[in-house]
1. Considering only residues that are of a type in the set (Phe, Trp, Tyr) and open to solvent by 60 Å² or more (accessible area, probe 1.4 Å), which ones fall in segment 87-112?
2. Is it the case that some residue within segment 68-86 is open to solvent by less than 70 Å² (accessible area, probe 1.4 Å), at pLDDT 90 or above and more than 30 Å from residue 110 (Cβ to Cβ)?
3. With respect to the numbered conditions (1) among the basic types (Lys, Arg); (2) at pLDDT 90 or above; (3) touching a strand residue (DSSP E or B) at 6+ places or on another chain (Cβ under 7 Å), which one is the sole condition not fulfilled by residue 16?
4. Scan segment 49-66 and tell me whether some residue there is open to solvent by 50 Å² or more (accessible area, probe 1.4 Å), among the aliphatic types (A, V, I, L, M) and part of a helix (DSSP H, G or I).
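The values are calculated or read from the model by the stated rules, or taken from the named source; none is laboratory data. In this text the structure is predicted, and so the values were computed from the model without any measurement. Positions of Cβ are generated from backbone atoms using ideal geometry, with glycine treated the same way; all protein chains shown enter the neighbour counts. When the accessible area is computed, the model is the full protein with side chains, heavy atoms only, and any ligands, DNA or RNA have been set aside. Shrake-Rupley method; radii C 1.70, N 1.55, O 1.52, S 1.80 Å.
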Amino acid sequence: MEEEGLECPNSSSEKRYFPESLDSSDGDEEEVLACEDLELNPFDGLPYSSRYYKLLKEREDLPIWKEKYSFMENLLQNQIVIVSGDAKCGKSAQVPQWCAEYCLSIHYQHGG
């Protein structure tokens, strides 16, 4: 099965770094390779797959996606947030995903 060539969006201006572990030299220096085109999953340190970018594109095409940042802002500032929208707009699939992503990012930021 041939995968479509998907562009790897650069979601942040920050560069990702990883040690050059495949270098066969026996030098004592730890070399670091900057990889601007490769975005790494912060939870496992591995590059995102083309399937990830395909699913992300599908998610971004849902009507609810335009409200993501507004929702997240309201979630941080309020105990209760009510979400309403038409059927198939993405509210029942995307909103829990955003909440899970947020909780995981907090968990990992605090060394969990």
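1. Step one: filter segment 87-112 for residues of a type in the set (Phe, Trp, Tyr), giving 98, 102, 108.
Scanning segment 87-112 gives 102, 108.
2. So far as segment 68-86 goes, yes, one or more of its residues are open to solvent by less than 70 Å² (accessible area, probe 1.4 Å), at pLDDT 90 or above and more than 30 Å from residue 110 (Cβ to Cβ).
3. (2)
4. Yes, segment 49-66 contains a residue that is open to solvent by 50 Å² or more (accessible area, probe 1.4 Å), among the aliphatic types (A, V, I, L, M) and part of a helix (DSSP H, G or I).
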